[in-house]
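I have placed the structure first, in the form of structure tokens, so that the comments after it can refer back to it.
The values are calculated or read from the model by the stated rules, or taken from the named source; none is laboratory data. Keep in mind it's a predicted model, so treat the numbers as computed, not measured. Neighbour counts are summed over all protein chains in view; Cβ atoms, including those assigned to glycine, are modelled from backbone coordinates with ideal geometry. Accessible surface is based on the protein model in full, side chains and every heavy atom, while ligands, DNA and RNA are left aside. Shrake-Rupley method; radii C 1.70, N 1.55, O 1.52, S 1.80 Å.
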Amino acid sequence: METLSTKSYILITGGSGGIGTSLSRLLAEKNILPIIGFNSNSKKAFALAKELKTFAVEIDLYSKNSIDNSVQFINKQIKNDDKLVGAVFCASPSPDILPFLHTETEHLSKQFQINVIGHQILLKALIKKFFLKAKKGTIVGVLSKAMGSEKDQTATSMSSYIIAKSALKSMLSVCAAEFNWLKIRTVIPNFTKTKMLDVFDSRYLEILDKQKKISTPENVAKLIINEII
């Protein structure tokens, strides 16, 4: 990251959430200015931006106009030789806790619009406006261990969320294949102590906590930083 003679910025979608807030503070400690992307929590976003001597930007990932306007706003805020050097995609709706047979189109649409479609529109705009000329940039997508792996079973009753997160991973993979100069990474954290956990039954969370399967926003932020620095 270029931090000596110029200011380096990284955009964080969901920047006022639990992971986004921890990541913003950690980036600031590394002399990288976070741009606090928010949708509904403007009060917290602007307070965090003031604390870290940076700026916040409204990004409604449901709206292409909002995304386009946010990119224009960022471009106006970054002055002189300062640079936007990357983005972290933290924004996501909370999971819909439903069995597969009760998952409807509306649940999939909500998850896809934020995790995949909105982020894809934003990523295209960021490449065109900031990264393409220099052929340099870093993108980190936040996934979830609920997706499962060859060793671990996919979580149940979270199908719309898991399908969308898997599609986000695929979208980033496609982008990486077409822009091999773009550094694209993903992190796959455990369930994390944020407001997103409010949708789960407290007894289920107690089990996960005993199994040490719940992480903290600070630990997830460290995972992300390791992919950036």
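List pairs: first residue in region 19-31 and surrounded by fewer than 18 Cβ atoms within 10 Å (Cβ to Cβ), second residue outside any helix (DSSP H, G or I) and among the β-branched types (Val, Ile, Thr) anywhere in the structure, Cβ distance under 7 angstrom, at least six positions apart or on different chains. Hits for this filter: 30/229; 31/3. Entry remark, region 97-112: residues being open to solvent by less than 40 Å² (accessible area, probe 1.4 Å) and farther than 25 Å from residue 218 by Cα number 2 in total.
Just the residues that are within 16 Å of the chain's Cα centre (by Cα) and polar (S, T, N, Q), please, taken from region 3-60. Answer for region 3-60, where residues must be within 16 Å of the chain's Cα centre (by Cα) and polar (S, T, N, Q): 13, 16, 21, 22, 24, 39, 40, 41. The combined condition, being out of contact with any strand residue (DSSP E or B) (no Cβ under 8 Å at 6 or more places or on another chain), among the small types (Gly, Ala, Ser), farther than 23 Å from residue 21 by Cα and outside any helix (DSSP H, G or I), is not fulfilled by residue 167. Within region 81-96, the set of residues being touching a Ser or Thr at 6+ places or on another chain (Cβ under 8 Å) and either open to solvent by 30 Å² or more (accessible area, probe 1.4 Å) or in a helix (DSSP H, G or I) (or both) comprises 81, 82, 83.
Assessment of region 144-161 against the conditions (under 25 Å from residue 35 (Cα atoms) and buried (at least 20 other Cβ atoms within 10 Å of the Cβ)) yields at least one matching residue.
Just to be sure before I move on: is residue 125 surrounded by 17 or more Cβ atoms within 10 Å (Cβ to Cβ), over 23 Å from residue 166 (Cα atoms) and among the small types (Gly, Ala, Ser) in the structure I sent?
Details: surrounded by 17 or more Cβ atoms within 10 Å (Cβ to Cβ): yes; over 23 Å from residue 166 (Cα atoms): no; among the small types (Gly, Ala, Ser): yes.
When the stated conditions are applied, residue 125 does not pass them.
In region 125-171, which residues are touching a residue at least 60 places away in the same chain (Cβ under 8 Å), in contact with a Ser or Thr (Cβ under 9 Å, 6 or more places away or on another chain) and under 15 Å from residue 11 (Cβ atoms)? 140, 142 - these are the residues of region 125-171 that are touching a residue at least 60 places away in the same chain (Cβ under 8 Å), in contact with a Ser or Thr (Cβ under 9 Å, 6 or more places away or on another chain) and under 15 Å from residue 11 (Cβ atoms).
Among the criteria (1) without any contact (Cβ under 8 Å) to a residue 60 or more places away in the chain; (2) over 16 Å from residue 194 (Cβ atoms); (3) open to solvent by less than 10 Å² (accessible area, probe 1.4 Å); (4) not hydroxyl-bearing (Ser, Thr, Tyr), the one residue 48 does not fulfil is (2). Whenever a residue of region 55-74 is of a type in the set (Asp, Glu) and at pLDDT 95 or above, its partners that are surrounded by fewer than 22 Cβ atoms within 10 Å (Cβ to Cβ) and assigned to a loop (DSSP other than H, G, I, E, B), lying with C-beta atoms within less than 6 angstrom and at least six residues away or across chains, give the pairs 60/39.
What about residue 78, is it farther than 14 Å from residue 123 by Cα, touching a Leu at 6+ places or on another chain (Cβ under 8 Å) and touching a residue at least 12 places away in the same chain (Cβ under 8 Å)? Criteria met by residue 78.
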